[in-house]
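Remarks on the structure that follows.
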Amino acid sequence: MSFTELLTLFSRPNYVRKHKIRGRGSGRGRDIVKHRAVKRRSVVLGIGATAGVAAAGGFALSAQASGESGGSGAKASGASGALAFDKDAYTELTTTITDSAGDEHEVKYHFYKAITYVTKPVDEKYQSLNVSVPVEIDGKAVDATGAPILLANSVGGYMPSSVAEATGVGGGEMTGGPGGGAAGGASASASPSTSASASSGTGTGGVQSGGNAMVNAQGEMVNLGKLALVTGYVVVEPGARGRTLVDSDGTYYGTAPAAIVDLKAAVRYVRANKGRIPGNTDRIVSSGTSAGGALSALLGASGDSPLYDTYLKELGAADASDAVFASGDWCPITDLEHADMAYEWNWGANKLSSGSLVDRTVSKELSTAFADYQASLKLRAKDFGTVTARNLDEYLVKTYLEPSATKYLAALSDSARATYLAANTFITWSGGKATFSWADFLTHVGARKKDTPAFDAFDLSSGENNLFGTGTTKARHFTLYSLRHEGSASARLPGDLPGKIDLMNPMHFIAKRNPARSKHWWIRVGTKDSDTSLTVVGNLALSLENLGDDVDAFMYWDGAHGSNEDPADFMAWIAKVTGYKKRSAK
């Protein structure tokens, strides 16, 4: 069988009293909760109003809601009944948030907690969202009526994420992994994991799970929800089911495509409530890291695709658009059906942390197959022509790696730069620019994080194997290479898998030139992030550029998994692409 043939086989607020309660805040400062009487629908166990009872996952809740109690949800012209946003159902909070420059700001905001975003949820703990609306920053009133909306998911490792227990903005947690998740946003997502998931590896300064777990150049945690709020934006934090969820009968109910379906349902809820929910519902910007970055990219690429309609109808999602205006994606773990091939092409020559090489035959077969995949993309770049496996390394060096190193070195003092260059003699520094070879760059990165295959593990131990599990089957192979390596040479993937794989890959929708996709993209990854191949970001960005989209892509020099070294620039980018100018309340 030729590698071209092999490639073909691979693809496929309750009433409260008027007083203040002082306590610990979710940031460096404190939260001051000012209570007052507000109107609110019935709430059970802290989960927002919904119609019906959760069907799976052991999280059975009942709640009252006016109007409709089922069906396909609200119409595009406006939400009603269970899916109507109650603008008075908030708690007013005051917190101190430290911005990207290290300056502290007192932010007063309205916090809407745990709103169930579908009428027929499977598990409300995960299928709910929080909304945070700034009303005053440093004593100055803010009018967020037309502000952009940051849809910040906290998914990591394709595992479940929940906002149900959050006490304020930025409190979404990634749960379902080994030892579960802890509340508190970024720090929770960065807890150690023994899972062999897409996001389990970590390097110096890296994070384990993605989602809210981001680190800046100083190794400090970054929380985009809080930064967006202090910037004056509306923040929506959606929960979503994930691969590890299993009910009492042993059925996995958060495997593919549950997470992306839930996030789409959350977007539909927000857009169906135009005029009710604060912020500009036509200017939703998604964000996520790691698997959350992949899902953010998928939201951006697959807007309004009918391929998800059946799933969304089953949940009682709002009858509205699920397209987002812009997409922010950090180290996205995506393009999974080609990820093993890409990983070996990129990191195949690098040893494991143990000092040993991976299986050379497997690595070579996968790397060779990647060449056919890369050619099939037919991507073109200025000064490079068609980008193939033969010139992809040079493309990555010249387009991303050398500019990244140059920016890093230029920002250092003369003495610090001299010290770094003395320790990294593979870099030539001349005329204020850094140059080096691909091979030397790989040596500089050092140990790869994953064995081979990196994603579709032969022993079904990876998080991605679990992602494509079904029913009571925890894990399945999702590439013919791994399936046939462990079984019959004529084995075929189960009939449901090709479609599910497409539903989880933004490249599928980009290839089809989806007209409702986002046209604005912010894509980032660290140069030392070997959780997946750097080609994933390279190809994602270039494929979008080839469609004429506005793409801001960059690689952080020596950055590890979850690096976010320019969050202030992202906030400024949001204002730029959405055309937003902050205004004060009258």
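The values are calculated or read from the model by the stated rules, or taken from the named source; none is laboratory data. These numbers come from a predicted model, not from an experiment. Ideal geometry is used to build each Cβ from the backbone, glycine not excepted, and the neighbour counts take in all protein chains shown. These area figures cover heavy atoms from the full protein model, side chains too; ligands, DNA and RNA do not enter into them. Shrake-Rupley method; radii C 1.70, N 1.55, O 1.52, S 1.80 Å.
If I go through region 242-282 residue by residue, how many of them are β-branched (Val, Ile, Thr) and open to solvent by 40 Å² or more (accessible area, probe 1.4 Å)?
Residues that pass the stated criteria total 2.
Listed residues 368, 406; which is of a type in the set (S, T, N, Q) and farther than 20 Å from residue 349 by Cβ?
Among 368, 406, only 406 is of a type in the set (S, T, N, Q) and farther than 20 Å from residue 349 by Cβ.
Going by what's in this entry, would residue 474 be described as closer than 26 Å to residue 296 by Cα, open to solvent by 10 Å² or more (accessible area, probe 1.4 Å), of a type outside the set (S, T, N, Q) and in contact with a strand residue (DSSP E or B) (Cβ under 7 Å, 6 or more places away or on another chain)?
When the stated conditions are applied, residue 474 passes them.
Return the total of residues in region 157-184 being open to solvent by less than 10 Å² (accessible area, probe 1.4 Å), more than 24 Å from residue 466 (Cβ to Cβ) and either more than 16 Å from the chain's Cα centre (by Cα) or modelled with pLDDT under 55 (or both).
3
Evaluate region 283-301: report whether one residue or more is of a type in the set (Gly, Ala, Ser) and open to solvent by 10 Å² or more (accessible area, probe 1.4 Å).
No; the residues of region 283-301 include none that is of a type in the set (Gly, Ala, Ser) and open to solvent by 10 Å² or more (accessible area, probe 1.4 Å).
Filter region 367-403 down to residues that are open to solvent by 50 Å² or more (accessible area, probe 1.4 Å) and on the phi > 0 side of the Ramachandran plot, then give me how many there are.
Matching residues across region 367-403 total 2.
If the Cβ limit is 7 Å and pairs must be 6+ apart or interchain, which residue in region 320-340 that is open to solvent by 10 Å² or more (accessible area, probe 1.4 Å) and modelled with pLDDT of 95 or more pairs with which residue that is basic (Lys, Arg) and part of a loop (DSSP other than H, G, I, E, B)?
From residues that are open to solvent by 10 Å² or more (accessible area, probe 1.4 Å) and modelled with pLDDT of 95 or more, the pairs are 325/283.
Scan region 409-430 residue by residue and report those that are within 17 Å of residue 526 (Cβ to Cβ), in a helix (DSSP H, G or I) and not hydroxyl-bearing (Ser, Thr, Tyr).
Across region 409-430, the qualifying residue is only 409.
Within region 211-243, how many residues are in a strand (DSSP E or B) and either modelled with pLDDT of 90 or more or in contact with a Pro (Cβ under 7 Å, 6 or more places away or on another chain) (or both)?
First, the residues of region 211-243 that are in a strand (DSSP E or B): 214-215, 221-222, 234-238, 240.
Keeping just the survivors that are either modelled with pLDDT of 90 or more or in contact with a Pro (Cβ under 7 Å, 6 or more places away or on another chain) (or both) gives 222, 234-238, 240.
The number of residues fulfilling the criteria is 7.
Among residues belonging to region 574-586 that are at pLDDT 95 or above and either under 13 Å from residue 524 (Cα atoms) or touching a strand residue (DSSP E or B) at 6+ places or on another chain (Cβ under 6 Å) (or both), point out the one that is most open to solvent (accessible area, probe 1.4 Å).
577
Give me the residue from region 295-333 that is in a helix (DSSP H, G or I) and among the small types (Gly, Ala, Ser) and, out of that set, farthest from the chain's Cα centre (by Cα).
Of everything passing the filter in region 295-333, 301 is farthest from the chain's Cα centre (by Cα).
Return yes or no: is residue 406 of a type in the set (Ser, Thr, Tyr), assigned to a helix (DSSP H, G or I) and either in contact with a Phe, Trp or Tyr (Cβ under 8 Å, 6 or more places away or on another chain) or open to solvent by 40 Å² or more (accessible area, probe 1.4 Å) (or both)?
On the way: of a type in the set (Ser, Thr, Tyr): yes; assigned to a helix (DSSP H, G or I): yes; either in contact with a Phe, Trp or Tyr (Cβ under 8 Å, 6 or more places away or on another chain) or open to solvent by 40 Å² or more (accessible area, probe 1.4 Å) (or both): no.
Spelling it out, it is not the case that residue 406 is of a type in the set (Ser, Thr, Tyr), assigned to a helix (DSSP H, G or I) and either in contact with a Phe, Trp or Tyr (Cβ under 8 Å, 6 or more places away or on another chain) or open to solvent by 40 Å² or more (accessible area, probe 1.4 Å) (or both).
Of all residues in region 516-548, which are more than 16 Å from residue 330 (Cβ to Cβ) and of a type in the set (Asp, Glu)?
545
Please verify whether residue 469 is within 26 Å of the chain's Cα centre (by Cα) and at pLDDT 95 or above, treating the condition exactly as stated. Show your work before the answer.
Working: within 26 Å of the chain's Cα centre (by Cα): yes; at pLDDT 95 or above: yes.
Yes: the conditions hold for residue 469.
Could you check region 244-261 and list, in sequence order, the residues that are in a loop (DSSP other than H, G, I, E, B), over 18 Å from residue 294 (Cβ atoms) and of a type outside the set (Phe, Trp, Tyr)?
Across region 244-261, the qualifying residues are 245, 247, 248, 249, 250, 251.
Taking the stated definitions as given, is residue 154 at pLDDT below 95, surrounded by fewer than 21 Cβ atoms within 10 Å (Cβ to Cβ) and hydroxyl-bearing (Ser, Thr, Tyr)?
no
Before we move on, is residue 455 under 23 Å from residue 350 (Cα atoms) and part of a loop (DSSP other than H, G, I, E, B)?
So residue 455 passes the test.
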